[in-house]
Amino acid sequence: MLLLIPLLPLLGFLVNASFGKRVSKAAAGAVACGAMLASFAVAVWSVARLVQLEPESRAIVDQIYSWITSGDFRADFTLRLDPLSAVMILVVTGIGSLIHVYSTAYMHEETDAEYARYFSYLNLFAAFMLVLVLGANFLVMFVGWEGVGLCSYLLIGFWFQKKSASDAGKKAFIVNRVGDWGFVLGVLLAFVRFGTVDFQEIARAVAPMSPEAGFGTVSAITLLLFVGATGKSAQIPLYVWLPDAMEGPTPVSALIHAATMVTAGVYMIGRNAVLFGHAPQTLTVVAVIGTATALMAGTIGLVQNDIKRVLAYSTVSQLGYMFLAMGVGAYAAGIFHLYTHAFFKALLFLGSGAVIHALAGEQDLRRMGGLKSQLPITYWTFLIGAIAIAGVPGLAGFFSKDEILFRTFAGGHLILWTVGILTSLLTAVYMFRVVFLTFHGPRAPEPVGPEHAEEKEPAAHAVAGPAATGTHPPQQSGPTHQVHSTHPGRGAHGSGGAHLHDAPPAMALALIVLAIGSVLAGYVSLGGRFEHFLEPSFAPQPVAEVADQGLELTLMVVSSLVAVAGIAVAAYFFVKNRRAADRVAEQFAGAHRVLEHKYYVDEIYDATVVEPIRMTSENALWKVIDVRVIDGAVNGVAETVGGASELLRRLQTGSVRAYAASLFLGVVLILGYYLWP
Amino acid sequence: MVPLNHYLILSAILFTIGTAGVFVRRNLITILLSVEIMLNAVNLTFVAFGRALGSADGQIIVFFVMTVAAAEAAVGLAIVIALFRHRESLNPESFASLKW
């Protein structure tokens, strides 16, 4: 039965990929959403079955077939549902379904074929992601791992006619290759060391060993696996692809580059918690890298002007938090943050998508503002997401972030905790900067947009037509949608109309459900229930229950205060006194420039990695090795044969008697040789 | 009884005649006939040796050679007819176009 969970989206992919061009958008969307919802239903049913089992033996194993058998090596295509993968499949199918529904409206202006292509990729992604989280050994996981990378590439470059989009796709793919190289080496080393690639068997083999004091094999395995995680989950040094990935359609950013795929690295560490627990060196590296990434991305997020880029850096920063949690051994807290983050980050991305949609492709924060009254649904849901991510008590983000910070502090990592809390402040500031710049204040003057999209009216109607019925505020129904571009992302039309339309029903539905989730998702952890649920997956839990109630409460107050302070700072700079923000930027012009250029990391990589490779390829590999050596060898052989033939062809005169004479002469010579006394 | 050498000399003369015919004649049919003379020169050698050594092997091989010669004549003449239809000529020099 577990097989159905990834199989249904795969079927959706096959149907849309084969027949999508010929069917209407409604049919393509229905197939894709239906496949996801069915998969969600099966996932819920499977998890319900899982919960009924005894906590000690809480796992459903589904061995599909024996995949590879070679000597001692054996890898089955086995799916395994345990509490950890249960959380993941619910996130992937649940949030995935919502984003599918949202996309039906968001992508509506694409042509039928493009629309079907989009949904086929999205379904394929879901299928691979589910294989990744359900796989019972490294090889099955690797299938999903590579598959989601492929889908990420396809979807980032979805608008491949745009150079920047296809470049971003390639960048994501190539940077991920570097990570995957580490991952594969880690898996191979694990096989050499333990003789198996099955997660359970590796955990059983490593459990009796004592944690490695120095840097041994287990440390090497885990460090290599972590290289894979930095690629997929966008950590230093391989995070550079994620901000560029925002070239893809916004729902894709929400699903793949915020809620699910990028958390694969965190999940992978959680899956191998026992293994990582035996490599304290690696865990330190994980925690330090995670914290550094969180801080770095947070600071960059402060000054970016593209709404999606801010969210992208925010994602990188939150992923850093998850790795911090993993690094200090608070696996459950990390997975918990993964789970809550999926809600509010998907919500924020979808909300930004609704803004971009309403503004006909505008993504620059400086050209937004004052949208609060015009996009009420988007505004309120986005605000809830921002409050949740900032860590205000009562919403999802607070529970998980607080848990991570508490565990860090309780583990004695004071420096990491300080950086973490600083990042938490930054999170609140940059998120509310986005909120205030987008929805509050005056509407920034439009850049010149001569073509008013009057002629796009039919498309706008097609999107917003059904909005007229139902539960939406009156202003967005009726014939007031004056502005609609062909294309979010490509659209360059100015939004001249005074009335922008709020999210159409399919989008509003996803936003509202996610907003509810962002508020309520945190409450499942009350009384340590979430942690308790995950315990079988991480057993033996490496962090002892040292819960000092007083300490926990103090830290909770501190982090709440930090969140509120962050919001207050943002409110001061971006609502009350925007000049002050500019003044600060001028005062620290140098720092501001460094942040705006993202610490020049792209430039540094360009100079140290990309350019040398390009130069070597062009000057050595292409112009010398390829042209001289390889082409030279091939052409040389051809020329030698040609020259020899030029000589030999003279023998073929076409005169029968000449042939006969040479034959005769030959026979005489041979006989003469043998008969000569 | 005629000694073996006489047969061999006759055979050598016939073979030389045949070879010379192949080289000097400019008619494809004559060339084919010259080839037949060469073959029969060889046959004569076989039979002569067979008799001199008191063995039947020589005669058996001659039968084979005759069979092959008959087949060769059939195929060769068919080709000659085809070539003649093509070029209206029996001169081998006129069939020299199949070269570089």
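The values are calculated or read from the model by the stated rules, or taken from the named source; none is laboratory data. For clarity, every value in this text was computed on a predicted model and none was experimentally measured. All Cβ positions, glycine included, derive from the backbone under ideal geometry; neighbour counts span all protein chains shown.
B:Ile13 - would you say it is touching a helix residue (DSSP H, G or I) at 6+ places or on another chain (Cβ under 9 Å), assigned to a helix (DSSP H, G or I) and modelled with pLDDT of 95 or more?
yes
B:Ser55 versus (1) assigned to a helix (DSSP H, G or I); (2) over 22 Å from B:Val22 (Cβ atoms): which is the lone unmet condition?
Of everything listed in (1) assigned to a helix (DSSP H, G or I); (2) over 22 Å from B:Val22 (Cβ atoms), B:Ser55 misses just condition (1).
Take the residues in the stretch A:208-248 that are of a type in the set (Phe, Trp, Tyr) and within 30 Å of A:Lys162 (Cα to Cα), then tell me which one is surrounded by the fewest Cβ atoms within 10 Å (Cβ to Cβ).
Here the residue is A:Trp241.
Mind listing just one residue for me: the one in the stretch A:27-36 that is within 15 Å of A:Leu7 (Cβ to Cβ) and of a type in the set (A, V, I, L, M, F, W, C) and, of those, surrounded by the most Cβ atoms within 10 Å (Cβ to Cβ)?
Filtering first and then ranking leaves A:Ala32.
So which residues in the stretch A:37-66 are exposed (fewer than 15 other Cβ atoms within 10 Å of the Cβ) and either among the small types (Gly, Ala, Ser) or part of a strand (DSSP E or B) (or both), if there are any at all?
A:Ala48, A:Ser57, A:Val61, A:Gln63, A:Ile64, A:Tyr65, A:Ser66
If you take the residues of the stretch A:612-665 that are within 38 Å of the chain's Cα centre (by Cα) and acidic (Asp, Glu), which of them is farthest from the other protein chains (Cβ to nearest Cβ)?
For the stretch A:612-665, the residue satisfying everything is A:Glu618.
Which of the following residues is of a type in the set (Ser, Thr, Tyr) and buried (at least 24 other Cβ atoms within 10 Å of the Cβ): A:Thr284, A:Thr291, A:Thr299?
Criteria check complete, one pass: A:Thr291.
What is the number of the single condition among (1) buried (at least 24 other Cβ atoms within 10 Å of the Cβ); (2) more than 16 Å from A:Phe398 (Cα to Cα) that A:Gln363 does not meet?
Among (1) buried (at least 24 other Cβ atoms within 10 Å of the Cβ); (2) more than 16 Å from A:Phe398 (Cα to Cα), A:Gln363 violates only (1).
Test A:Glu603 against the criterion of being within 14 Å of chain B (Cβ to nearest Cβ) and either out of contact with any Phe, Trp or Tyr (no Cβ under 8 Å at 6 or more places or on another chain) or part of a helix (DSSP H, G or I) (or both), and give yes or no.
no
Looking at (1) over 19 Å from A:Tyr118 (Cα atoms); (2) out of contact with any Leu (no Cβ under 8 Å at 6 or more places or on another chain), which one does A:Leu37 not meet, given that it meets all the others?
Every condition holds for A:Leu37 apart from (1).
What tally of residues in the stretch A:666-677 results from selecting those that are outside any loop (DSSP other than H, G, I, E, B) and more than 14 Å from chain B (Cβ to nearest Cβ)?
Total meeting the criteria: 5.
Can you give me the ranges of the helices (runs of 4 or more DSSP H) entirely in the stretch A:216-317 with at least 1 residues that are under 18 Å from the mean Cα position of the chain (by Cα)?
Helices (runs of 4 or more DSSP H) meeting the threshold: A:217-232, A:241-244, A:250-254, A:264-271, A:280-303.
Would you pick out the residues in the stretch B:16-26 that are under 14 Å from A:Val656 (Cα atoms) and more than 12 Å from chain A (Cβ to nearest Cβ)?
Matches in the stretch B:16-26: none.
Identify, please: which residue in the stretch B:46-87 is more than 14 Å from chain A (Cβ to nearest Cβ) and over 30 Å from B:Leu10 (Cα atoms) and is, among those, surrounded by the fewest Cβ atoms within 10 Å (Cβ to Cβ)?
Per the stated criteria, the residue is B:Arg85.
Evaluate the following for A:Arg193: is it without any contact (Cβ under 8 Å) to a residue 60 or more places away in the chain and in a helix (DSSP H, G or I)?
Here the answer is yes, as A:Arg193 does meet what is asked.
From the list B:Ile13, B:Ile31, pick out the single residue that is within 14 Å of another protein chain (Cβ to nearest Cβ) and under 29 Å from B:Pro92 (Cβ atoms).
It is B:Ile31.
A:Ala75 fails exactly one of the following numbered conditions: (1) over 20 Å from A:Leu154 (Cα atoms); (2) surrounded by 17 or more Cβ atoms within 10 Å (Cβ to Cβ); (3) at pLDDT 90 or above. What is the number of that condition?
(3)
Looking at (1) in contact (Cβ under 8 Å) with a residue 12 or more places away in the chain; (2) more than 30 Å from A:Ala658 (Cβ to Cβ), find the lone condition where B:Leu33 falls short.
It fails just one condition, (2).
Which residue out of A:Ala172, A:Ala205 is buried (at least 19 other Cβ atoms within 10 Å of the Cβ) and assigned to a helix (DSSP H, G or I)?
Result of the check over A:Ala172, A:Ala205: A:Ala172.
On the given criteria, is A:Phe349 surrounded by 24 or more Cβ atoms within 10 Å (Cβ to Cβ), of a type outside the set (Ser, Thr, Tyr) and closer than 20 Å to A:Ile156 by Cβ?
Judged against the criteria, A:Phe349 is a match.
I'd like to verify a number: residues in the stretch B:88-100 that are at pLDDT 85 or above and either within 11 Å of chain A (Cβ to nearest Cβ) or surrounded by fewer than 12 Cβ atoms within 10 Å (Cβ to Cβ) (or both), how many?
The qualifying residues number 2.
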